[in-house]
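As structure tokens, the structure follows; a few thoughts come after it.
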Amino acid sequence: MTQQTNSTENTAKDTISSPPTGFQVILREFKKDKLAMFSLILLGLIIVGIYVASLFIDQEELMRISIRGKYAEPGEGFILGADHGGRSILGQLIIGARNSITIAIIITIITGIAGVVIGLVTGYFGGLIDNIFMRIIDFFLTLPTTMIIIVFVTIIPKYNVAAFILIMSLFLWIGTARLIRSKSLSESRRDYVSASKTMGTRNSTIIFKEIMPNISSLIIVELTLNFAGNVGIETGLSFLGFGLPPSTPSLGTLVSYAANPEVLSTKLWVWLPAALLILVLMLGINYVGQALRRSADARQRLG
Amino acid sequence: MWKTVLRRFLVMIPQLFVLSLLIFIMAKFMPGDPFTGLITPETDPNVIEELKIKAGLYDPWYVQYYNWITNAFQGDFGDSYTFKVSVSSLIGERAMNTFWLSLLSVILLYAIAIPLGILAGRYQDSLLDKGIVLYSFISYAIPTFVLSLIFLFMFGYHIPIFPTSGTVDVSHDPGTWGYFWSKVYHMLLPAITYALLATTGVIQYLRSEIIDSKSMDYVKTARSKGLPISKVYTKHIFRNSLLPIAAFFGFTITGLLGGSVFIETIFGYPGMGQLFISSIASRDYSVITTLVMLFGFLTLLGSLLSDIIMSIVDPRIRIE
């Protein structure tokens, strides 16, 4: 009996004395910031909803053109109306959002891995590798990226989704690499790294098992914000007609119907839902990213 | 000081060289050549072939590159396939349009961002500050094309108070006040859209700069000698915070150029960004390469300008 109370007392003491770690801090931040919590739940609902709903939609069936339903208003046989080809806006919205989100996630992962690995390695070793990569990064920073991506998209002979992802990834790892490098640079001057070096730990172990976990919160924040950025860039390029190929509709494709002044001014139901969905996604992801950033920095925390 | 500027300028030369090489390689991958537009059913293939040899299309790539770059330095970028005029004269007029739009955007940007940044910093944590921070967050998160379309719909079509495309009404004669006003009026909506989207950086920077300055010794000194608080803000804090903002100027230009592709396309404003999109659509490659080169050059110039202003403002970062 007494032993039991002792053990409960001990665990209570442990929880009090140990500082909150990683996930707990994030949870506390989200509990404190109601708007961030709301954004997170809303985003989760939207994304899960879109993926589940897209399972029930046959894309071939959806993209079939029928003249009868041309510019049908919302309610006339279609819940959210139809576009110039008589195709359901709601269906395109779901498929488009699914494509846009999936592609943004893939690009985020590719650029994330490339940026984090390059940043960690160059920051850790410094010297010649660092110099070479910094010159490359400096050069990329001065490129008119949007225009060059558009040119690439038009000159690639066999253009498909994979090509688009590759072109985008080629230009979008820069920011992450730069940020992670500066952090890795300061981190590798810390005592724990020197201690580990003295013990003869391999460089790869130090980089990926010791430095990386220490800057993981920064990486999570960076990836979240990149995800938002990628949704914006992909939909923007698709809006101009240089994003996803026509066979893969994106939210941007749906908004691009507004390039026709008649659609823009009188057929709101065609482009506004997609524009608003992009807006909600961007605001939500960015807000969650801001909350994550605050929880990663002890001075800014609310909770 | 001059050493820094010179050093920075020298760094720019290899960057320009690599950029031009990259664009040259891209241009080589583009289908078609300067004579594709001239071919008609009656053209003798041999004549075209001779023209191609004369123009050096079969020379080794480094000779072609050398010729291209030396011509470009003399302002000769070749001819547009679709418009049948020289690229430089085609871009010239558009460049002026983009320049005026950018100028107005920058003026509006600072006119909006500076007061908001100062107010947010001065009344830190007040309701006003929270509102401004929320606004700057939203303007950061909204993609350019979404806000542009919504504004165009609201103020161009729904409440038609702004023109929806073009640069000037044809009814006005050049040189008159009406002409000038009509030009500004056409630029106003795209400029406001751009300015609203770009305010985030300036507002956040100014705000944190002012919050930091508040606890500085020079502010305490100014207060203790009896200067009213509003004077402290206008005469001391503001001046000190404004200098770094000036350094942002170059990056603002860079951002403007990237946004111009979207803004000009949506608002039907005939500038360089819109020309770029229409040249891509018509596969007018000599115009495309020139525009990419020009944008790359201007971006480099923007970052050069930022570095120079920064080194004037803050002597600590000068390269020795």
Going by what's in this entry, would B:PHE297 be described as modelled with pLDDT of 85 or more, open to solvent by 60 Å² or more (accessible area, probe 1.4 Å) and within 14 Å of chain A (Cβ to nearest Cβ)? yes
Of all residues in region A:125-146, how many are farther than 14 Å from A:LEU170 by Cβ and either touching a Pro at 6+ places or on another chain (Cβ under 7 Å) or buried (at least 21 other Cβ atoms within 10 Å of the Cβ) (or both)? 2
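Can A:LEU120 be described as more than 9 Å from chain B (Cβ to nearest Cβ), over 26 Å from B:GLY296 (Cβ atoms) and either in contact with a Leu (Cβ under 7 Å, 6 or more places away or on another chain) or open to solvent by 50 Å² or more (accessible area, probe 1.4 Å) (or both)?
Working: more than 9 Å from chain B (Cβ to nearest Cβ): yes; over 26 Å from B:GLY296 (Cβ atoms): yes; either in contact with a Leu (Cβ under 7 Å, 6 or more places away or on another chain) or open to solvent by 50 Å² or more (accessible area, probe 1.4 Å) (or both): no.
No.
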List the pairs whose first member sits in region B:8-31 and is facing another protein chain (nearest Cβ under 9 Å) and loosely packed, with under 15 Cβ neighbours inside 10 Å, whose second member is of a type in the set (Val, Ile, Thr) and part of a helix (DSSP H, G or I), and whose Cβ atoms are under 6 Å apart, counting only residues at least 6 apart or on separate chains? B:PHE29/A:ILE155
Checked against (1) buried (at least 18 other Cβ atoms within 10 Å of the Cβ); (2) touching a residue at least 60 places away in the same chain (Cβ under 8 Å); (3) small (Gly, Ala, Ser), A:SER216 satisfies every condition except (1)
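Would you mind finding the one in B:TYR157, B:TYR185, B:TYR179, B:TYR194 that is in a helix (DSSP H, G or I), of a type in the set (Phe, Trp, Tyr) and touching a residue at least 24 places away in the same chain (Cβ under 8 Å)?
Working: B:TYR157 fails: touching a residue at least 24 places away in the same chain (Cβ under 8 Å); B:TYR185 fails: touching a residue at least 24 places away in the same chain (Cβ under 8 Å); B:TYR179 fails: touching a residue at least 24 places away in the same chain (Cβ under 8 Å).
When all the criteria are applied, what remains is B:TYR194.
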2 or more residues within 30 Å of B:PHE145 (Cβ to Cβ): qualifying helices (runs of 4 or more DSSP H) within region A:189-303: A:216-240, A:251-256, A:261-266, A:268-296
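For region A:164-181, check the following and say yes or no: at least one residue is in contact with a Phe, Trp or Tyr (Cβ under 6 Å, 6 or more places away or on another chain), part of a helix (DSSP H, G or I) and open to solvent by less than 60 Å² (accessible area, probe 1.4 Å).
If we filter region A:164-181 for residues that are in contact with a Phe, Trp or Tyr (Cβ under 6 Å, 6 or more places away or on another chain), which is where we start, we get A:167, A:174.
From what is left, the residues that are part of a helix (DSSP H, G or I) are A:167, A:174.
Then drop every residue that is not open to solvent by less than 60 Å² (accessible area, probe 1.4 Å), which leaves A:167, A:174.
Within region A:164-181, one or more residues are in contact with a Phe, Trp or Tyr (Cβ under 6 Å, 6 or more places away or on another chain), part of a helix (DSSP H, G or I) and open to solvent by less than 60 Å² (accessible area, probe 1.4 Å).
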Kindly list the number of the only condition in (1) within 14 Å of another protein chain (Cβ to nearest Cβ); (2) closer than 30 Å to A:SER256 by Cα; (3) without any contact (Cβ under 8 Å) to a residue 12 or more places away in the chain that fails for B:VAL170. (1)
Only one of B:ILE203, B:ILE150, B:ILE245, B:ILE138 that is at pLDDT 85 or above, assigned to a helix (DSSP H, G or I) and more than 14 Å from chain A (Cβ to nearest Cβ): B:ILE203
Which ones in region B:248-258 are open to solvent by 10 Å² or more (accessible area, probe 1.4 Å), of a type outside the set (S, T, N, Q) and more than 9 Å from chain A (Cβ to nearest Cβ)? B:PHE248, B:PHE249, B:PHE251, B:ILE253, B:GLY255, B:LEU256
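Of all residues in region B:273-289, count the ones that are in contact (Cβ under 8 Å) with a residue 12 or more places away in the chain, open to solvent by less than 10 Å² (accessible area, probe 1.4 Å) and part of a helix (DSSP H, G or I). Steps first, please.
Initial filter on region B:273-289 (in contact (Cβ under 8 Å) with a residue 12 or more places away in the chain): B:273-277, B:279, B:282-289.
If we keep only those that are open to solvent by less than 10 Å² (accessible area, probe 1.4 Å) as well, we get B:273, B:275-276, B:279, B:284, B:287-288.
Next, from what is left, pick out any that are part of a helix (DSSP H, G or I): B:273, B:275-276, B:279, B:287-288.
The number of residues fulfilling the criteria is 6.
The values are calculated or read from the model by the stated rules, or taken from the named source; none is laboratory data. Since the model is a prediction, treat every value here as computed from it, not as a measurement. A quick note on method: Cβ atoms are made from the backbone with ideal geometry, for glycine too, and the neighbour counts reach across all protein chains shown. Protein only, heavy atoms only, side chains kept; ligands, DNA and RNA dropped before computing areas. Shrake-Rupley method; radii C 1.70, N 1.55, O 1.52, S 1.80 Å.
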